[in-house]
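Computed from the coordinates by the stated procedures, all read-outs in this text should not be read as laboratory data. Only a predicted model underlies this, so the values are computations on that prediction, with no experimental measurement involved. Note that each Cβ is placed from the backbone with ideal geometry, even for glycine, and that neighbours are counted across all protein chains shown.
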Amino acid sequence: NSHPLALSVGVTLDRYIMHRQMAFPYASGDLSQLLRDIALAGKIIHREVNRAGLIDLTGEMGVENVQGESQQKLDMIADIRFYRALRNGGEACAIISEEEEEIIHTGNDNGKYVVAIDPLDGSSNIDVNVSIGTIFSIYRRTTPVGSKATLDDFMQGGRKQVAAGYILYGSSTIMVYTTGHSVNGFTYDASLGEFILSHPDMRSPADGQIYSYNDGYLPEFPDGVQHYLSECRKRRYSARYIGSLVADFHRNLIKGGIYLYPATKKNPEGKLRLLYEAYPLAFIAERAGCLAVSQEHSILDIDPVSLHQRTPLFIGSQTMVEELVSTNSRQP
Ligand code: AHG
Ligand code: MN
Ligand code: MN
Ligand code: MN
C-alpha cells in the first residue's frame, strides 16, 4: 500500500479505513462508510454489555428465536442496535440476523451492500461476565440498486464476501476484520471512544497446541474426530473451550489451535450457522493462514440454500485442520 506509515499501530480505525480507501482510487467509499457504521454499532453494544448487570439487561426475554433458542435480552438489544446503525448509515439495503426469521429491509434501497449478522455470539456467557461477540459478513448486492433486496443477495456463497469480521467484548473489546486482503485488529479505547489499530496484519501460527470443543458431546462425534482428539490429549495439548465461538476463534487465531463443532444427535447438521457464523470466520481464517472445513471441504465452498442453515465447523491452524481431515477420512 502507498501509505505505510499512516497504517502503523496506534492509528484510529477511521484513519485506517480512510487511508485504505485512498489506496484504491476508484473505490466509492461506500464500503468504508459501512465498516464505520458497524464499528459504531460495536461501540454501542460494548456499552450495553458493560452496563448490563447494572440496569437489568441480563436474563432471558421469555421468547424463542427461529432456531428454537431462548433469546436473551442482550441478543435482542444487540440486534436492534445493529439494525439502527445500518439503517441510519444508509449503505446496507438489507440485513439477515440470527434473531430474525426473515430478511430485514432497512429502507435504503439505494444501498449497495447486504449484511449478515450474529448480533451477539455466546448467549450462555452473557449473564456471567464471560467474553461474547458480534460476527458480520458483507456482500455487494446482485439485485439492481434501487430495487428491494432479495434472499439471492445473501446466497452468493462464502467466496463472494467483500468483507467479514467480528467484535469481541472480552477483557478488552477488539474489532477484527478483513476486506479480503490482510486481517487487522483494532482495540477499543473507551476513554477516547475510538478503535485503535493494535493487531496489524494478523497471521496465525501454522501449527498449534490448543483444542476447543464441547466435551459433553464427545461420544456422538464421528470416530475420526474422536480419534484426532485422543491424539491431542496424548500430546498433552491444552483443552480450552469458552463456549463463545468468537472468543474461542480469536484465541486460537493468535496462539494457534483448532475449534471443533461436529454434527451431533441433537444437531445432525452441526449447530453453527453458515451465513453469519461459519462463512465470516472462515473468510477471516483463510486470510490469516488458517483453514476452515466441514468434513473435508472448505466452508467457503459450501452452497448456501437457506438463511439459517447450519454446518459442522472445524477451524484453526492449518497443520491441525489438515491432520483432522486426514484422520477423519481414514476412519470407516
Ligand atoms: P449464539 O450465542 O450466537 O446462539 O451462538 C452460540 C454458539 C457459539 O457461540 C458457541 O461456540 C456454541 O454455540 C456453543 O455451543 P454449546 O453450548 O453446544 O457448546
Ligand atoms: Mn443464539
Ligand atoms: Mn453465535
Ligand atoms: Mn447469537
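Details
- Percent of beta bridges antiparallel (DSSP, the chain, rounded to nearest 5): 85
- Rounded to whole Hz, the Karplus (6.51, -1.76, 1.60) HN-Hα couplings of segment 204-209, x for glycine and proline: 7, x, 5, 10, x, 9
- Value in Å of the Kirkwood radius, where segment 136-211 supplies the Cα pairs that are averaged: 14.9
- Rg in Å to one decimal, and Dmax rounded to a whole Å, for the chain via C-alpha atoms: 19.2, 58
- FRET efficiency for the R330 to T142 pair, using the beta carbon distance and R₀ = 51 Å, is estimated at 0.80.
- Rounded tilt (10° steps) of 13-23 against the dominant C-alpha axis of the chain: 80
- Taking packing as the residue-averaged number of other Cβ atoms within 10 angstrom, the listed peptides 115-127, 213-225 run from highest to lowest as 115-127, 213-225.
- Alpha-carbon centroid distance for the pair segment 110-163 / segment 271-307, whole angstrom: 13
- Difference of contour (0.36 nm per residue) and Cα-Cα distance, H227 to F24: 68.3 nm
- Pairs of Cα atoms farther than 16 Å apart, segment 177-281, %: 66
- With 0.36 nm allotted per residue and the present C-alpha distance subtracted, the A239-N267 stretch has 7.8 nm of extension available.
- Taking the C-alpha atoms only, the angle from helix 318-330 to the longest principal axis of the chain is near 50 degrees.
- Estimated from helical segments only, the mean residue ellipticity of the chain at 222 nm is -9000 deg cm²/dmol, where each DSSP H run of four or more residues counts as -39500 (n - 2.57).
- Extension gain, Q67 to D152: 0.36 nm times the residue separation minus the Cα-Cα distance gives 28.5 nm.
- Inter-centroid distance (Cα atoms) of segment 207-223 relative to segment 62-76, Å: 27
- Fraction of antiparallel bridges per DSSP, segment 1-140 only, in percent to nearest 5: 70
- Degrees between helix 223-234 axis and first principal axis of the chain (Cα, 0 to 90, nearest 10): 90
- When each of K73/K266; K73/K112; K112/K160 is checked by Cα-Cα distance, pairs over 20 Å: K73/K266; K73/K112
- Karplus-derived HN-Hα couplings along segment 28-39 (A = 6.51, B = -1.76, C = 1.60, θ = phi - 60°), whole Hz, x at Gly and Pro: 7, x, 5, 5, 4, 5, 4, 5, 5, 5, 5, 4
- J(HN,Hα) series, segment 269-278, from Karplus relation 6.51 cos²θ - 1.76 cosθ + 1.60, nearest Hz, glycine and proline x: 9, x, 9, 6, 8, 5, 6, 10, 10, 6
- Projecting the alpha carbon convex hull of segment 95-234 along each direction and taking the average yields 12.3 nm².
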